[in-house]
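Novice: So that we are looking at the same thing, I have put the structure below in structure tokens.
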Amino acid sequence: MDSSRLSQQLVFLAEADQLKRVLRRTSLIGGDRLENTAEHSWHFALMALTLAEHAPVSLDLTRVLKIALIHDLVEIDAGDSFVYDTSAMADKAEREEAAAKRIFNLLPADQATEYRVLWDEFEAQETPEAKFAAAVDRLCGMLPNYKNSGGSWVEHGVSAERVTARNAPIGVGAPALWDVARGWIAEAVEKGWIAER
């Protein structure tokens with residue numbers, strides 16, 4: 001193997017390790033600390049693998065798993081943007097675009113292109129794989145909030161209306177999972193964890 005190729009791959013992998021330092025606003029189930037983005041990406045991949053049978057169409061599961069593993073690498077530079085913070089979301093696309101250029105270009109050209117195509121596919125939400133990935137990604141964020149009696153929804157005063165609007169793409173990528181998610185939201189309101197509006 002070309003040693004320069006291997007060197008580039010190892011530089012990229014060392015950089016990817018920085019994802020473990022990016023904290024999200026969601027606590028681990030049990031609430032003892034915030035999860036990091038690397039943990040989120042792993043859980044997303046595991047959820048996609050486990051829940052693939054609930055996709056509305058046949059999928060290239062390997063592609064979904066690749067998307068899960070690379071979709072948030074840009075957060076190494078761009079940071080995690082809390083989805084209910086409108087000011088943090090305002091320039092998210094620009095920050096992530098710059099990060100994608102830098103981080104993926106650490107790889108050999110063919111892998112840089114492959115990873116960038118996967119990232120762009122996820123962002124565009126046009127293929128069945130990207131739509132399912134988006135559904136699972138959002139369900140992955142909802143699960144700890146539900147299991148933590150509202151978690152970051154409660155902490156940041158997020159209403160059921162906002163949670164529903166943010167997570168509606170689950171219904172596009174995996175309608176069966178959206179049924180579950182809507183049940184969680186309804187239960188959160190019923191138990192008084194979050195307000196309806």
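The values are calculated or read from the model by the stated rules, or taken from the named source; none is laboratory data. Keep in mind it's a predicted model, so treat the numbers as computed, not measured. Ideal geometry is used to build each Cβ from the backbone, glycine not excepted, and the neighbour counts take in all protein chains shown. Remember, those area values only see protein heavy atoms, side chains included, never the ligands or the DNA or RNA. Shrake-Rupley method; radii C 1.70, N 1.55, O 1.52, S 1.80 Å.
Novice: Compare Phe104, Phe132, Phe82 in a GNM of the chain, Cα atoms joined below 10 Å, and give the one with the largest fluctuation.
Specialist: Phe82
Novice: How tilted is helix 128-147 with respect to the longest principal axis of the chain? Cα atoms for both, answer in degrees (0 to 90, nearest 10).
Specialist: Once rounded, one gets 50 degrees.
Novice: Let me ask something else about it. Among Glu39, Glu126, Glu96, which one moves the most in a GNM of the chain with springs linking Cα atoms closer than 10 Å?
Specialist: Glu126
Novice: Report ³J(HN,Hα) in whole Hz for each residue of the stretch 175-188, in order, from the Karplus equation J = 6.51 cos²θ - 1.76 cosθ + 1.60 where θ = phi - 60°; Gly and Pro get x.
Specialist: Values per residue, Gly and Pro as x: x, 5, 6, 5, 4, 5, 4, 5, x, 4, 5, 4, 5, 4 Hz.
Novice: How big is the dipole moment of the chain about its Cα centre under a simple scheme where the beta carbon of each Lys and Arg is +1, that of each Asp and Glu is -1, and everything else is neutral? Debye, nearest 20, please.
Specialist: Dipole size: approximately 340 debye.
Novice: Given 0.36 nm per residue, what is the gain on full extension from Leu61 to Lys191 after removing their alpha carbon distance, in nm?
Specialist: 43.2 nm
Novice: To check my understanding: the extent here is largest minus smallest coordinate of the Cα atoms along each principal axis. What are those three numbers for the stretch 23-140, in Å, largest first?
Specialist: For the stretch 23-140, the Cα spread along each principal axis is 39, 36, 24 Å.
Novice: Running a GNM on the chain with Cα contacts under 10 Å, which residue among Pro169, Pro108, Pro128 ends up with the highest mean-square fluctuation?
Specialist: Of Pro169, Pro108, Pro128, the Gaussian network model singles out Pro108 as fluctuating most.
Novice: With θ taken as phi - 60° and the coefficients 6.51, -1.76 and 1.60, list the Karplus ³J(HN,Hα) couplings across the stretch 63-78 in order, rounded to whole Hz; mark glycine and proline as x.
Specialist: Rounded to whole hertz, the list is 5, 4, 5, 4, 4, 4, 6, 9, 4, 10, 4, 4, 5, 4, 9, 7.
Novice: Going down the table (Lys92/Lys131; Lys20/Lys147; Lys92/Lys147; Lys20/Lys92; Lys101/Lys147), which pairs top 25 Å between alpha carbons?
Specialist: Pairs exceeding 25 Å: Lys92/Lys147; Lys101/Lys147.
Novice: Could you check how much of the accessible area of the chain is carbon and sulfur, as a whole percent, using a 1.4 Å probe?
Specialist: So the carbon and sulfur contribution to the accessible surface is 54 percent.
Novice: Per DSSP H run of at least 4 residues, take -39500 (n - 2.57); add these up for the chain, divide by its residues and hand me the 222 nm value, nearest 500 deg cm²/dmol. Walk me through the numbers on the way to the answer.
Specialist: Values: 12 runs with 131 residues, N = 197.
Theoretical 222 nm ellipticity from helices: -20000 deg cm²/dmol.
Novice: Another one. With everything on Cα atoms, drop me the angle between helix 37-51 and the longest principal axis of the chain, reported from 0 to 90° to the nearest 10.
Specialist: For helix 37-51, the angle is close to 70 degrees.
Novice: At R0 = 35 Å, how high is the FRET efficiency between Gln9 and Ser87 if r is their beta carbon distance? Nearest 0.05 is fine.
Specialist: The formula returns an efficiency of 0.45 here.
Novice: Another question, then. Find the centroid of the Cα atoms in the stretch 62-106 and in the stretch 109-173, then give the distance between the two in whole Å.
Specialist: 12 Å
Novice: Say R0 is 35 Å: what FRET efficiency, to the nearest 0.05, do Asn105 and Ala176 get from their beta-carbon distance?
Specialist: 0.35
Novice: What accessible area per residue comes out for the chain, rounded to a whole number of Å², with a 1.4 Å probe?
Specialist: Per-residue accessible area for the chain comes out at 50 Å².
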